[in-house]
Amino acid sequence: MGLNRKTILLTAAGLLTAAALAQSPDPKALLHEAVNQLRGPAMVATYTLTVERPGRGKRYVLRVYTDGDRRALIRVIEPKREAGQAFLMLGEDIWIYNPRLGRVLRLPPSGRNDRFLGSDVSYADLSGRDLEDYYEVRLEPAAQAGQLTLALTPKPRAPTPWGRVVLQIEAATKLPRRIVYYDQRGQPVKEIEMRKVARIAEGRYLVTDTLVVDRVREGYRTVFEVSDWRVGEVPDRCFTPTALERGCER
């Protein structure tokens, strides 16, 4: 029996749809690669953190040791008053060293969304892979050519205050260029823009200038700048409680 014109058209449309779906990137794989690019490689680097508030500002210089995955040691170098304060991040676990008290304190899970050094960046932004661990992800139509858009919604009982997170990703590099966080009512609360990147290897990039903007309070901004980086394996001893107090030089 021959096929009529309508059947042929429907079959062709179905084949085109199937081909398009086959060519679409897997959202989970895309998010994984985007987080890899966002976190950068294993390295030691200097971070300059500038916290801007209406009429005032504060600048921190940090020495950061990271394995590029779920472990990081952050030590405050400047200002002198805060020098020696340190943070150890091992996936879900975060420890803080206070040199004035001479004590190491474990941050409770409820504190993961607190402001890091009073900035617009949270501990959750800096540690682990929360975007992968706590969210369902889907691919949305991109706003412009050469761009991919991922929409994230919290998994049931996920420890996050956000109702939705949207990532704008460069299709060619899989590098996130903008992340917007929404509250439970769908209002934008925080926006992160990756303004500058450095190519460090084939297909690998390092974000060197990041702007974080509070979308609720005008004039609240934080700038992260990366310099003096040395890419390469970081010793395991850098990710221990001892390194919180004594530091870790390669």
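The values are calculated or read from the model by the stated rules, or taken from the named source; none is laboratory data. Note that the coordinates shown come from a computational prediction; the quantities given were computed from them, not determined experimentally. Neighbour counts run over all protein chains shown; Cβ positions are idealised from the backbone, glycine included. Note: accessible area is taken over every heavy atom of the protein model, side chains too, but ligands, DNA and RNA are not part of it. Shrake-Rupley method; radii C 1.70, N 1.55, O 1.52, S 1.80 Å.
What the table below lists for this structure:
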read-out: Members of segment 53-77 found to be in contact with a strand residue (DSSP E or B) (Cβ under 8 Å, 6 or more places away or on another chain) and exposed (fewer than 13 other Cβ atoms within 10 Å of the Cβ), listed by number; value: 57, 59
read-out: Check on residue 197, outside any loop (DSSP other than H, G, I, E, B) and touching a residue at least 12 places away in the same chain (Cβ under 8 Å); value: yes
read-out: Residue 151 vs. criteria farther than 28 Å from residue 43 by Cβ, open to solvent by less than 40 Å² (accessible area, probe 1.4 Å), small (Gly, Ala, Ser) and assigned to a strand (DSSP E or B); value: yes
read-out: Selection from segment 178-189 of residues that are under 22 Å from residue 157 (Cβ atoms) and within 15 Å of the chain's Cα centre (by Cα); value: 181
read-out: Residue in segment 106-129 that is nearest to residue 38 (Cα to Cα), counting only those that are modelled with pLDDT under 90, of a type in the set (D, E, K, R) and surrounded by 19 or more Cβ atoms within 10 Å (Cβ to Cβ); value: 125
read-out: Scan of segment 163-173 for residues that are farther than 15 Å from residue 138 by Cα and open to solvent by 40 Å² or more (accessible area, probe 1.4 Å), ordered by number; value: 170, 172
read-out: Output for segment 77-125, where each listed residue is among the basic types (Lys, Arg) and under 16 Å from residue 243 (Cβ atoms); value: 103, 106
read-out: Pairs where the first residue, in segment 43-62, is of a type in the set (Lys, Arg) and the second is assigned to a strand (DSSP E or B) and open to solvent by 20 Å² or more (accessible area, probe 1.4 Å), C-beta under 6 Å, 6+ apart; value: 59/50
read-out: Selected residue (only one of 103, 185, 138 is open to solvent by 50 Å² or more (accessible area, probe 1.4 Å) and without any contact (Cβ under 8 Å) to a residue 12 or more places away in the chain); value: 103
read-out: Those residues of segment 233-250 which are open to solvent by 20 Å² or more (accessible area, probe 1.4 Å) and under 12 Å from residue 45 (Cα atoms), in sequence order; value: 249, 250
